[in-house]
Structures are given as structure tokens and as C-alpha cells.
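Please treat every number below as a calculation from the coordinates, not as lab data. Keep in mind it's a predicted model, so treat the numbers as computed, not measured. When we count neighbours, we look across all protein chains shown, and the Cβ atoms used for this are built from the backbone with ideal geometry, even at glycine.
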Amino acid sequence: MNDASTPSPRGRILVVDDQRNLRASTAILLRSEGYSVLEAATGEEALMTLSGGGVDLMLTDLKMEPMDGLTLLKKAVEVAPRLQVIMMTAFGSIENAVEAMRQGAYDYITKPFKDRELRYRVERGLEQARLRATVDMFVGEFNERHGLSSLVGRSTAMRELTSRLVRVAQSDATVLVQGESGTGKELVARAVHAHSRRKVKPFVPVNCAAISETLLESELFGHAKGAFTGAVRARRGLVEEADGGTLFIDEVTETAPAFQSKLLRTLQEGEVRRVGESTPVKVDVRIVAATNRDIELEVREKRFRQDLYYRLNVVTLRVPPLRERLEDVPELAEHFVKRANARSPKPKRLSAAAVEHLMGYSFPGNVRELENLVEQAAALAEGEELLPEDFPLRPNTHMEASGAVGATPSVVALDTSTRMPTLAEVVEEAERRAIAQALERHGLDLGRVAEELAVSSTTLWRKMKRLNLRPPGGDHRD
Ligand SMILES: Nc1ncnc2c1ncn2[C@@H]1O[C@H](COP(=O)(O)OP(=O)(O)OP(=O)(O)O)[C@@H](O)[C@H]1O
Ligand SMILES: [Mg+2]
């Protein structure tokens, strides 16, 4: 027998048959083709081998004692979910073959078979196994990157949000996602897309707060050649890029009235007009917009067009602040620790005391603040166990005034001249330096800066504002 622990480039096959001669001749043929071949005389033996891992394809007889091929198939896919199975059936027992396929077999082959047919079916099965492994890897990575599998939280509030989200996603309705900063609005917008029929088409985010007004217009709607100085080529806008998919308009209240009317027209007519172009282009996009402001107040105070508000607000998804669902804190904290561990050679674990400490906090910065706290703690803590003192919290501001929506309290300016700097200040200084250096490198390309620093462009924008940093030569507004 072969050693099951070394990977085999051509694929590893397990041949299961209680008839010794048939099993041996099949194995010999496959070995001569360069495959690594394992053998088993019974279903039980086969399951033992499979549980060791590394088998890509199983070729099994249907009629065996005491465990038959169908039972083995059922148990095998539990032990090895990615395994491809080819069932060997006797001539004339096509119903059994069909039943095997229904139970998850990839293919079947009728005995007696020609060498050529066996080679062909095995190679095809292995090809399928490779494809499946690749797809699984991409799907896993994609979900991880886009947080689809990770809307963490089982509080009543989150469960209500998720069930509403899934229902809403299936319609094509425009969605307005409302919630304080850092609650997970972008994650929710991505989940809407992921649960919609548009999921195979692009999800295109645009952050209205991160781009200057003039740039925003041409970014979103595109422009004709020569529409303005520097427009050397015609360019499709993000609305067109999102055709067939979802356009996520983040921080939609941070836009000027002129832009808002253009956006309204796009929504009403399902078409865009590139800047400097007179003929409109038809588009099919679903709009998801988000804001962390009290948008009704913005409407009342005439900073946001009422007609656009009505257009956007067909369905509202409200993401509750973390302080209203503190029962999600343990699970979220665990989630972030796990993520930090995946990147670190020194895995950490949360102490019960630390969880309790965190649950007494009001999280003015919501989930993002928790995420940052955990990342910092994981990076800075000495021991394996994260303790309460590894999570320095700001004084609670929201606890008593619970229910107050909106404004995240600004960071208190501290006089550092007469005392040692606090950890928060040290971190802020480090942030300032990191951002300033990245700005030096990428200049006005804030997308690149955000990517390099692994923060959202909103976070980058907010931090820059708070730290009073500007891109070199940048002329954006405050
Ligand atoms: N329910 C959740 N489960 C797991 N991670 C979450 C959850 N909610 C938020 N996060 C994480 O917290 C961070 C902030 O989320 P997100 O960017 O979606 O918030 P936001 O509401 O769009 O914030 P802002 O208003 O600042 O743009 C992200 O890193 C996100 O992955
Ligand atoms: Mg956001």
C-alpha cells in the first residue's frame, strides 16, 4: 500500500471491492497510469482509510458484504465531503446506478469494463475533484473577504435584521441602510447583494464622503472625452460598472444638491448621462444606500432632497448600535480573536473576565471599535490569555443616555504635557505616522492608501479628518 500522507500530483484513488482479483487488477491498471492507489476489501476498511484524508476519488463496488456500496457512499461523503465517488455496478442494474448518483456519486461504470473506459471515467472524476477543491477555496476566500459568512451575532435584534434582509434582498427594491458609524452597514449592504439574484454580478461600492464633489460626479456617472481638463479619454462611471449588479452608495447624505438631483434622475429613469455627454445610457442596477446620519433631520433641514429620500427609502434596514445588543459582544469578540489568530504565530484566547469587562462597555464606535480593541489586544498582550487590562476602554458615554441616536462622541483632547501618554494616545500617534507615510506613497489615491492600511475608506477618511491629515497636494474639502 501507498503512504497516505504524501500528496500525489496525479491524484489518489481508493479502490473498494470484496473480490480480491478484480480489486487488484483495477489497482494495477490505475497504478500503471501514474495514480497513487489504495485498496480496501470492505466498506469499513474504506472508511478507515478515508478518515485519514488525502483521497480524491473512490471507486467502489456496489454489491458488498456486510456494508454495501450505497451505505458506504453515504458514510464516505460525511467523512470526506469533497470526495468524488464512482460506483461499479453489475451489467443491467441501472436503477442501482441511478440511485447511487442520486445519493451523491459522481459517476458509475458497469462491470465488466474496458481499460479505456475506466481510465476515462477516473480522469474525469479527478478533474472534477480538482475543480471542486479550487472552487471551494475561492468561495471560502471570497466569503471571508466580503464578510458574507460573517454577519456575526445572534441577538434578537440581529436575527430580526437578518431575516428582514434576506426577504428584502430577493426583491429589487432600493434599500436604505441606517445605523451609527461602525455598526456594520457595509457588511449588511454586501449581504443584501449576496442574497439577491444579482449576486453573480458586481457589487460596486462608492463612498460619497471620501471623494470631492466634482470627482464624485464623474466617478459615478462617467464622462465623455474632453468633458473637462484632464478627461483625455471617455470613461464609464461606476453606475455602468454595476450594470446587472448592485451599486452601494455609502454616506449618501454627504452629497451636494446638484449631485442629488442627478442621482434621482438615474433612479427614476434607469439611465445615466455621462458628464459632457447628451445621450443617456440604459442601466439595470439595484441601489443600496447607507448613512450614519439622521436622514430625516437632514431632509427637514433641507440638506437632503426629500424626493431622493423617498426614492431611496423604499425599504429601510436599521442596524442597531452594539450597546443595544451587548449579548452579541462575546461572539463578536471571539470572531475577531479567531481572525487575529489566523494571522499570528502566537494564538490568544479570551478570558471570561475580559468578556465581562467588554460587556460593561457602551461601544460608541460600535462593532468597529470592538474589532479594533481586539486587534490591538491580540497584538500587544504579553500572555496567551487576553485579560481585562488588555482592553483599555474609554469612559462610558452612552450607557445612561441609551437610545440617543447619532453622534459618536469625539475623542477628548488631553493635555499631555505633564503626564505619561496613555495607550490611546500612543496608538493615535502610531496611526498618524502610518497614515502620513502611506499618503506620501500613494498621494491622492486614497483607495490605495486605505487598502494598504487595511481599513475602509470611510475609516481612513474619518481618521484623516480627526488627525487633521491631508493628502499631499490634495484640495479636498473638510
Ligand atoms: N455583525 C458583524 N459581524 C462581523 N463583523 C462585523 C459585524 N458588523 C460589523 N463588523 C465589522 O466591523 C467593521 C465595521 O463594519 P462596516 O464597515 O460594515 O460598518 P459601517 O456601519 O459601514 O461603518 P461606517 O459608518 O464607519 O462606514 C468591519 O470590519 C466589519 O467587518
Ligand atoms: Mg461604512
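Points worth noting:
- A Förster radius of 22 Å combined with the Cβ-Cβ distance from ASP294 to THR316 puts the calculated FRET efficiency at roughly 0.95.
- DSSP-defined antiparallel bridges as percent of all bridges, the chain, nearest 5: 10 percent
- Label zone (VAL135, point 7 Å along Cα-to-C-beta; backbone nitrogen cut-off 13 Å) within region 204-229: none.
- One chain, two ends: GLU45 and ALA430. Fully extended at 0.36 nm per residue, the span grows by 132.8 nm beyond their Cα-Cα distance.
- Placing +1 on the Cβ of every Lys and Arg and -1 on the Cβ of every Asp and Glu, with no other charges, gives region 322-398 a dipole of roughly 260 debye about its Cα centre.
- Of THR459, THR183, the sequence from fewest to most neighbouring Cβ atoms within 10 angstrom is THR459, THR183.
- Our estimate of slack between VAL281 and SER351, defined as 0.36 nm per intervening residue step minus the Cα-Cα distance, is 19.5 nm.
- Exposed chymotrypsin sites (Phe, Trp or Tyr not before Pro) absent: longest stretch of the chain, with sites in DSSP loops and at most 12 other Cβ within 10 Å deemed exposed: 229-478
- Net charge of Cβ neighbours under 15 Å - reference THR279; Lys, Arg +1; Asp, Glu -1: +2
- Between ARG31 and LEU387, the modelled label-to-label distance comes to 6.0 nm, taking each label 7 Å out from Cα in the direction of the beta carbon.
- For ARG433, ARG448, order by how many other beta-carbon atoms lie within 10 Å, fewest first: ARG433, ARG448
- Charge dipole of the chain (Cα centre as origin; +1 on each Lys and Arg Cβ, -1 on each Asp and Glu Cβ, all else neutral): 1360 debye, rounded to the nearest 20.
- For the pair ARG394 and TYR120 in one chain, pulling the backbone fully straight at 0.36 nm per residue adds 92.1 nm over the alpha carbon distance.
- Reachable aspartates and glutamates, given that their alpha-carbon falls under 20 Å from the alpha-carbon of LYS63 and they are not under 8 places away in the same chain: ASP17, ASP18, GLU39, GLU44, GLU45, GLU95, GLU99, ASP107
- Cross-link reach is defined here as a Cα-Cα straight distance under 22 Å, omitting same-chain residues fewer than 8 places apart; for LYS225 the lysines meeting it are LYS262, LYS282.
- Separation in nanometres of the label points that stand 7 Å from Cα toward Cβ, at GLU271 and ASP172: 1.6 nm
- Given LYS185/LYS463; LYS75/LYS346; LYS199/LYS348; LYS75/LYS338; LYS74/LYS338, the pairs whose alpha carbons are separated by over 28 Å: LYS75/LYS346; LYS199/LYS348; LYS75/LYS338; LYS74/LYS338
- DSSP-defined beta bridges in region 150-318 - what % are antiparallel, rounded to 5: 20 percent
- Summed over qualifying helices (DSSP H, 4 residues or more, each -39500 (n - 2.57)) and divided by its residue number, the chain shows a 222 nm mean residue ellipticity of -14000 deg cm²/dmol.
- Basic side chains Lys and Arg get +1 at the Cβ, acidic Asp and Glu get -1 at the Cβ, and with that the dipole of region 149-266 about its Cα centre reaches some 540 debye.
- Sorting SER218, SER155 by the number of Cβ atoms found within 10 Å of their own Cβ, with the fewest placed first, yields SER155, SER218.
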